[in-house]
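Presented below is the structure to which this report refers.
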Amino acid sequence: MQQTAERITIENGIVMTLNDNDDVIIGGMVVIEGNRIVYVGEGAGKKEGSGRTIDASGKAVMPGLVDLHYHTAIGKGWSDHLPLWEYLDTYWYPAIRALDDETAYWAALASYCESIRCGVTTVNDMYRRLLGLGRAAEEIGIRAVLSNDIADDEHGLDTLEDTVEAHRATHGAAGGRIEVAVGIEWLPLASEQLLRDARSLADELGIKFHIHLNESMTEVENSLERFGRRPTEVAYDCGVLGPDCIAAHCVWLSDREIGLMAETGTHISHNPGSNAKLGNGVARLPEMLAAGINLGLGHDAAECNNSRDLFQTIKLASIIHRAVRQDASLGQPADVLRMATRNGARALGHDGGQLAPGRLADVILLDLSSPAFVPLLPEHADQLYSHLVFAADGGCVDTSIIDGRVVMESRRLTTVDEELVCAKANEAFRAVLGRMVVPGAAAS
Ligand SMILES: [Zn+2]
């Protein structure tokens, strides 16, 4: 679907640019042409040209959020009393083995609906049946980087060939809004040869790499047992790491592994909500930041979070580290908001994540009229940053523009019938449950 070259003028808002100077412009204006921002600045006397005008009075205008580690989810709230390894074996893998393009399509649409409602404009989505996902992303209008759950053949998940096929069919669709990346599920299901082959494929196709690394202690123990090295050391030796690689979780990194991430320019998706819910621990965020690693934020999956509201993740990305380190200087609001926007865009090689002329037009408007944002003195930008990190939730997102197209307005999605999507996603879950082959005892 081609983007319309509509001109959109957003006026009278508090424009939080998240640019290099962290400029905040009260009564500012953002002008979009096609899928690019063409003007950001003072609004007075600047209005010109035709097109559509959006009045952002009483609203903050900021870059859309980038959910840097994402899985479409079909079965939120199911069997989620289990620890990670058991959960994967008895529910997650059987469920995703039972997907087809149609069930994946409805699950993706429902997932993307919730994300857009919470201000997310880009997802880095590792899942299966990418043709179904690509169709969903194209229709709903979200920016999506899609990767498979590639594992060694005996695990019955995806193969490198699946990614070649998805790349051929979907990469660059919707005017470049949809991409395909190479995705490795995790090291317990991968041989070193598979990691090397996956890296070769990413290089050959010139696409990004998405992988889970060092998520849990059990994963690290498995790696030491099978490879005699820790997960990130194995990934490094196989050439996986690099500036085109997004490593998710990275909870249990040794000092050496942090050094390898920094040396290779690998980006990390920090997913504190999932790590906490699954009992996996707290990542060494201060050390990773000190090493100069680019960190973005992800919700992971609705099955292990259980919310796609990235504002929850933003808050946790600050307060969890303050709690465990007993240090309230950590996770300052402006830094955490940058993780959720421009750092994520940088990790994906996207020209977005900040409001500046020439950048991609992924923009959200947040309604500041809620009592949650009282008191607010707009001329004190620090207070606004603080509100957005500690007091906001996804429900304050009023309007979302992705790639220059309004996909939500006054909290109503413009591209899909949400009621239908929710009903179909429920049906899809029932169908998948009916097809699942669960090893051992049936899941509850
Ligand atoms: Zn994950």
Among helices (runs of 4 or more DSSP H) completely within region 21-119, the ones holding 3 or more residues that are surrounded by fewer than 21 Cβ atoms within 10 Å (Cβ to Cβ) and either of a type outside the set (Gly, Ala, Ser) or assigned by TED's automatic domain parsing to the domain that holds Val145 (or both) are 84-87, 101-117
Would you mention how many residues in region 169-193 are over 11 Å from Val234 (Cβ atoms) and more than 16 Å from the ligand (Cβ to nearest atom)?
13
Determine the pairs where a residue that is farther than 15 Å from Val336 by Cα, located within region 282-304, has a partner that is part of a loop (DSSP other than H, G, I, E, B) and among the basic types (Lys, Arg) with Cβ atoms under 7 Å apart, the partner being 6 or more residues away or on another chain.
Ala302/Lys76; Ala302/Arg308; Glu303/Lys76
Counting just the residues of region 284-302 that are within 13 Å of the ligand (Cβ to nearest atom) and assigned to a loop (DSSP other than H, G, I, E, B), which one comes out nearest to the chain's Cα centre (by Cα)?
Gly298
Go through (1) more than 26 Å from Tyr87 (Cβ to Cβ); (2) within 16 Å of the ligand (Cβ to nearest atom); (3) surrounded by fewer than 22 Cβ atoms within 10 Å (Cβ to Cβ) and name the single condition His267 misses.
(3)
Taking region 384-414 only, how many residues are surrounded by fewer than 18 Cβ atoms within 10 Å (Cβ to Cβ) and in contact with a strand residue (DSSP E or B) (Cβ under 7 Å, 6 or more places away or on another chain)?
4
Return the residues of region 236-254 that are out of contact with any helix residue (DSSP H, G or I) (no Cβ under 6 Å at 6 or more places or on another chain), outside any helix (DSSP H, G or I), more than 12 Å from the ligand (Cβ to nearest atom) and under 14 Å from Arg199 (Cα atoms); say none if nothing qualifies.
Pro243, Asp244, Cys245
Any chance region 195-214 includes a residue that's part of a helix (DSSP H, G or I), crowded, with 21+ Cβ neighbours inside 10 Å and within 16 Å of the ligand (Cβ to nearest atom)?
no
Within region 260-283, which residues are assigned to a loop (DSSP other than H, G, I, E, B) and either in contact with a Leu (Cβ under 6 Å, 6 or more places away or on another chain) or not assigned by TED's automatic domain parsing to the domain that holds His210 (or both)?
Thr266, Leu278
Just checking, which of Glu257, Glu233 is crowded, with 20+ Cβ neighbours inside 10 Å and either outside any helix (DSSP H, G or I) or away from the ligand (no atom under 15 Å from the Cβ) (or both)?
Glu257
Can you tell me which residue in region 270-283 is modelled with the lowest pLDDT, limited to those that are within 13 Å of the ligand (Cβ to nearest atom) and over 21 Å from Leu65 (Cα atoms)?
Leu278
Leu109, sole failed condition from (1) modelled with pLDDT of 95 or more; (2) within 16 Å of the ligand (Cβ to nearest atom)
(2)
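The values are calculated or read from the model by the stated rules, or taken from the named source; none is laboratory data. Please read all numbers here as calculations on a predicted model, not as lab measurements. For neighbour counting, all protein chains shown are included, and Cβ atoms are generated from backbone atoms with ideal geometry for every residue, glycine included.
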